[in-house]
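Right, one structure below, let's go through it.
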Amino acid sequence: MIRLQNISKSFTTEESVIHAVKGVNLEINKGEVFGIIGFSGAGKSTLVRCINLLERPTEGSVTIDGMEITTLSEKELRTVRKKIGMIFQHFNLMKSRTVYQNVAYPLKGRGLTKTQIQNKVKSLLKLVNLSDKETAYPSQLSGGQKQRVAIARALANEPKVLLCDEATSALDPQTTLSILKLLKELNEKLGLTIVIITHEMSVIKEVCNRVAVMDKGSVIEQGDVFSVFSSPKEAVTQEFIDTTSTLSKIYDLIKANSVIVKLKPGEKIIKLKYLEKSTSEPLVSFISRQFNIDLNIIFGNIEIIQEAPLGGLVALVSGKEDDIKAAIQYLLNKNVEVEVINDGIYQ
């Protein structure tokens, strides 16, 4: 549905040239939810604005549904843009117009009758669960309701693609989940291709099929969500994982010499990390019984991503040295990464 080839975007200031996006190549499949994640300044918002040419790339080509839009005239581009919806962090609603009027606005000039527009708006508001807010003004709505209005407006022209630029960043966690659930429903019900720009790892894990990680204007790694976040190749990707995981706190406890991590003879602290989608066995209870060892879980951070466990455990393990080694080898054979964080030697 979307192909970006060698996309670069530079901005010239009085002092210098800023290279916001550098040589990005991406292919986004029809009907998928694709995430682009990066910290502030990574270039992700500039990149998404290049998809609908709100920012014209300095170099490269953009192809939407088989049509290279970088070669189109402004008039032709306006027609194509009707099939590319977009929602933003701050909703961009017209404050002086009602919910109904906001959603109806993109339908102006399409040659529709008043009844056709009315039916269309009502169906869109029903789709986003806001049928009772037709006459309300944006100031009377919650943040989540405002974003639902923005989504309904973005869907008015029946787009094939929906671009979401930090669409949940201004929302609380519970509202964020409801908006992400709505986006997933729209993706499945309408066959929408959705591109989500975010700096929040939790957003990617909740709804995306695949993800691209951006840093300093470049895509540094990409792939299906489970693969990228179970086996990160780049330090920036690992940083994102750490933002939603408690596992890295073990290093702070060790550094602080916390009583929680003080070891007795025969004890070790290990970190287990799932690496494969096939890892779904009750491994902790099994190795405890099979190898006659005890595991006391200190931290656990396991989520189900794409129907497979992603994350890991930090545990204090005790038992005979040979039994512990045999248990670790068993885990390694099951494609569980095992790191011995502390074995008491340096205490």
Residue that is surrounded by the most Cβ atoms within 10 Å (Cβ to Cβ) [pool: residues in the range 22-47 that are touching a Ser or Thr at 6+ places or on another chain (Cβ under 6 Å) and farther than 20 Å from M86 by Cα]: K22
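Can you tell me which residues in the range 37-65 are in contact with a Lys or Arg (Cβ under 9 Å, 6 or more places away or on another chain) and small (G, A, S)? Walk me through it before giving the result.
Quick first cut of the range 37-65, residues in contact with a Lys or Arg (Cβ under 9 Å, 6 or more places away or on another chain) only: 37-38, 41-43, 46-47, 49-50, 52-65.
Scanning the range 37-65 gives G38, G41, A42, G43, G60, S61.
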Count - residues of the range 19-59 that are in contact with a Leu (Cβ under 7 Å, 6 or more places away or on another chain) and over 21 Å from C208 (Cβ atoms): 1
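For residues in the range 165-177 being under 18 Å from V33 (Cα atoms) and either in contact with a helix residue (DSSP H, G or I) (Cβ under 6 Å, 6 or more places away or on another chain) or at pLDDT 95 or above (or both), which is surrounded by the fewest Cβ atoms within 10 Å (Cβ to Cβ)? Walk me through it before giving the result.
First, pick out the residues of the range 165-177 that are under 18 Å from V33 (Cα atoms): 165-169, 176-177.
Subsequent filtering for residues that are either in contact with a helix residue (DSSP H, G or I) (Cβ under 6 Å, 6 or more places away or on another chain) or at pLDDT 95 or above (or both) retains 165, 168.
Numbers: D165: 21, T168: 26.
For the range 165-177, the residue satisfying everything is D165.
Before we move on, is A212 out of contact with any helix residue (DSSP H, G or I) (no Cβ under 7 Å at 6 or more places or on another chain), more than 16 Å from I87 (Cβ to Cβ) and aliphatic (A, V, I, L, M)?
Working: out of contact with any helix residue (DSSP H, G or I) (no Cβ under 7 Å at 6 or more places or on another chain): yes; more than 16 Å from I87 (Cβ to Cβ): yes; aliphatic (A, V, I, L, M): yes.
Answer is yes for this residue.
Here is a yes/no grid of residues against (1) more than 14 Å from A152 (Cα to Cα); (2) within 26 Å of the chain's Cα centre (by Cα); (3) of a type outside the set (D, E):
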| residue | (1), (2), (3) |
| --- | --- |
| E68 | yes, no, no |
| S96 | yes, no, yes |
| N102 | no, no, yes |
| G109 | yes, no, yes |
| K114 | yes, no, yes |
Qualifying positions in the range 315-347 - under 25 Å from the mean Cα position of the chain (by Cα) and under 24 Å from I260 (Cα atoms): E337
Residues of the range 223-241 classified as in a strand (DSSP E or B) and surrounded by 17 or more Cβ atoms within 10 Å (Cβ to Cβ), total: 0
Lone qualifier among I197, I220 - being assigned by TED's automatic domain parsing to the domain that holds A20, assigned to a strand (DSSP E or B), without any contact (Cβ under 8 Å) to a residue 40 or more places away in the chain and surrounded by 13 or more Cβ atoms within 10 Å (Cβ to Cβ): I220
Matching entry among T175, T168 (being part of a helix (DSSP H, G or I) and β-branched (V, I, T)): T175
Pairs where the first residue, in the range 127-145, is among the acidic types (D, E) and the second is assigned to a helix (DSSP H, G or I), C-beta under 8 Å, 6+ apart: E134/V99; E134/Y100; E134/V121; E134/K122; E134/L125
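The values are calculated or read from the model by the stated rules, or taken from the named source; none is laboratory data. Treat the numbers as computed from the prediction; the structure is a model and nothing was measured. As a convention, Cβ positions derive from the backbone with ideal geometry for all residues, glycine included, and neighbour counts pool all protein chains shown.
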